[in-house]
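One structure is given here, and the rest of the page talks about it.
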Amino acid sequence: MSTARKSPPVTLRRLSQVQPANIEIGRDGNPARLDDRPVEQIRERWVVEEGWWTDAPVRRAYAELVLADGALAIVFEDLTGGGWYRHASPNRPRRGGARGRGRG
């Protein structure tokens, strides 16, 4: 009788895709709307800086948004190249287009 344990199958999961986002900035400087949907709350903020030693550094200011309809969205402002983007699940297409960043 064999006592060798079988390893569980490896499951690969596709990373979320980055898509341009239409962000309207409120008077306080925070995202107020995402693709015409009101932002109810900003749950978390963080900054990612990597590759600063290369010719293509990455600097992004992230925010996890709670929208008025209860949906969650992770967006970031590209601090190097400009513009706002969102991480969209490959299983759930998101609305939005290449409209860039708005001020309001």
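Bear in mind these aren't lab numbers, they're just calculated from the coordinates by the rules spelled out. This structure is a prediction, so every number in the text was calculated from the model and none was measured. Neighbour counts run over all protein chains shown; Cβ positions are idealised from the backbone, glycine included.
Tabulated results
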| quantity | calculated |
| --- | --- |
| Residue order, fewest to most surrounding Cβ atoms within 10 angstrom, among THR54, THR80 | THR54, THR80 |
| Calculated FRET value between VAL66 and THR11, using beta carbons and R₀ = 35 Å, to 0.05 | 0.75 |
| For segment 1-84, size of Cβ-based charge dipole, Lys and Arg +1, Asp and Glu -1, in debye | 620 debye |
